[in-house]
Every structure is written in structure tokens, then in C-alpha cells.
Amino acid sequence: MADEDAILYTVDDDGIAWLTINRPEARNAMNAAVRQGLFDGFARFDADDAAKVLVLTATGDKAFCAGGDLKEMSATALKVPPKDHLPHLQRNVMVSKPVIAAVNGIAYAGGFLLTQMCDLAIAADHAKFAITEVKVGRGAPWAAPLPWLVPPRVAMEILVTGDPLDAERAYQVGLVNKVVPLAELHGAAKAMAMAIAANAPLSVKAGKALVYMAAEHLRTAAWDEGDKLFESVYLSEDAQEGPLSFVEKRKPVWKGR
């Protein structure tokens with residue numbers, strides 16, 4: 001497969017963007033072409049005002065992403081990966097709009113990272129999640145936010161055993177939002193994306209920012225920062241359009257300003 005086909009990017013007419021890892025023959029492992037394609041795809045989505053929500057998924061029914069390409073790692077004798085080695089949302093790639101992971105199979109190592117870093121996640125019922133680095137002598141410093149997503153003892157189990165969680169367990173501990181049969185995964189991701197896209201865009205962006213900001217601050221400081229985040233939302237035209245559309249018994253027409 002040519003490098004340019006390793007990542008596919010499309011946008012539906014309704015503003016839902018799809019970023020698809022397309023290396024099913026290699027279990028969608030991240031080689032240089034995939035990593036660069038993801039960087040480019042996230043940047044393209046964030047810059048596109050017509051694209052309101054992004055769904056990150058992969059080709060096939062076996063793997064979402066099996067992690068880094070171990071053959072490439074061996075060939076390059078990769079030691080400590082640089083911070084820009086692969087895209088890490090809100091760390092080295094800033095995306096202000098929501099990103100949903102639609103996990104269509106195993107999500108191991110770097111595939112776990114891709115799930116963890118997305119804002120929301122829907123998993124096929126046969127998906128599995130694992131941080132397998134402990135089994136191959138590698139590291140997972142990117143897992144630092146994991147105890148914020150799942151209970152600390154669950155994070156500890158994931159990190160030190162390397163054993164996978166099935167989709168139902170991942171849902172129970174809060175790693176994913178929803179589990180559906182594989183045949184329903186695309187539709188479920190689309191439905192969630194459409195529900196988000198129907199909302200006021202400034203409110204959506206501020207809501208996303210609030211969740212991550214709260215993880216950085218203690219309670220009182222988080223309230224103060226929340227006030228700052230939403231002030232521009234309250235002062236926007238959309239803040240008046242919402243109540244007006246209710247009074248006029250029609251759907252709101254969001255302008256994003």
C-alpha cells in the first residue's frame with residue numbers, strides 16, 4: 001500500500017469528518033506514514049470551519065491500531081521517542097473541536113493512546129484495550145492522564161500487567177462511552193457526532209475546554225477558569241439565538257459567533 005493511502009480523510013455533507021487508519025494488513029500499526037497522516041488529518045480538521053466533529057477509526061474488523069510498527073522500531077533502533085514522534089491530542093496537536101474514537105478492534109499500546117487522547121470513545125463489542133509496553137520492554141509515559149480517566153487501581157492494573165480489557169470492562173471503568181456490535185459502530189459514531197454538531201459550536205468548544213481545564217486546577221480555581229471560558233459564549237449571538245428559537249418554536253441557526 002502506498003504511503004499516501006495509509007490515512008484516509010473525508011468530510012460528510014453534514015460536517016462530520018472521518019480520519020481512518022488504513023493499514024489493515026499490518027493491524028493498522030503506526031509507521032511513519034500513519035503518524036504523519038494523523039498529524040496532517042488533525043490539523044486539517046481543526047482548520048476546517050465546515051467540519052464540526054471528527055471520528056477517528058480504522059479499516060477492517062480486527063484492529064483499531066496495534067500500536068507502533070515494531071518492524072520499523074527495530075530497523076531504526078528507536079530509543080526514547082521524541083515528543084513529536086506521534087500525534088498526541090492536546091499535547092503536541094491542539095484540536096478545539098470534539099474528536100470521537102470509533103474503536104473497531106484491538107487498541108494496544110499506541111492504539112490505546114489514540115483511544116485515551118480522544119474526547120469520546122465508542123467501541124465495537126469485540127474490541128480490546130491494552131498498554132502492552134511492559135511486555136516488550138518499552139514505556140508508556142503518555143499514559144500519565146490515565147488515572148484521571150479510570151480509577152487509579154484500574155490504571156495500575158493496565159500499566160503493570162499489560163493484560164487487555166475487553167470492551168465491556170472498558171465501558172464499566174469509564175474508558176469508553178458506549179459499546180455496540182461492530183455492524184453498528186459507524187452508525188453509532190455518526191449519531192453521536194451529529195448530536196454534537198447540532199449544538200451551538202462555541203458552547204461545544206468551551207465545554208470540551210472546561211473538562212480538560214478542570215483536570216489542571218483545584219476546585220475554586222476551576223470555577224474561576226470556567227467563568228472565563230464561558231464568558232465569550234454568553235456574550236455571543238448564539239447565546240441569544242438559543243432562547244429566541246425556543247420562543248419562536250423553530251430549530252436554532254448557529255453562527256458560531
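As a summary of the residue check, Glu225 satisfies the conditions (1) assigned by TED's automatic domain parsing to the domain that holds Ser96; (2) farther than 30 Å from Gly139 by Cα except for the one numbered (1). Selection of first residues in the stretch 38-51 that are among the small types (Gly, Ala, Ser) and of second residues that are modelled with pLDDT of 95 or more and in a helix (DSSP H, G or I), restricted to Cβ pairs under 7 Å at least 6 apart or on distinct chains, gives the following pairs, ordered by first then second residue: Ala51/Phe45. Of the residues making up the stretch 18-59, those that are closer than 17 Å to Asn104 by Cβ and assigned to a strand (DSSP E or B) are Trp18, Leu19, Thr20, Ile21, Met30, Leu54, Val55, Leu56, Thr57, Ala58.
Just checking, which of Ala127, Ala101, Ala144, Ala109 is surrounded by fewer than 24 Cβ atoms within 10 Å (Cβ to Cβ) and either assigned by TED's automatic domain parsing to the domain that holds Gln172 or under 28 Å from Phe45 (Cβ atoms) (or both)?
Just one listed residue meets the conditions, Ala144.
Reported count of residues in the stretch 183-232, each being over 24 Å from the mean Cα position of the chain (by Cα) and in a helix (DSSP H, G or I), is 9.
The values are calculated or read from the model by the stated rules, or taken from the named source; none is laboratory data. These figures come from a predicted structure and were not determined experimentally. Virtual Cβ from ideal backbone geometry, glycine too; neighbours counted across all protein chains shown.
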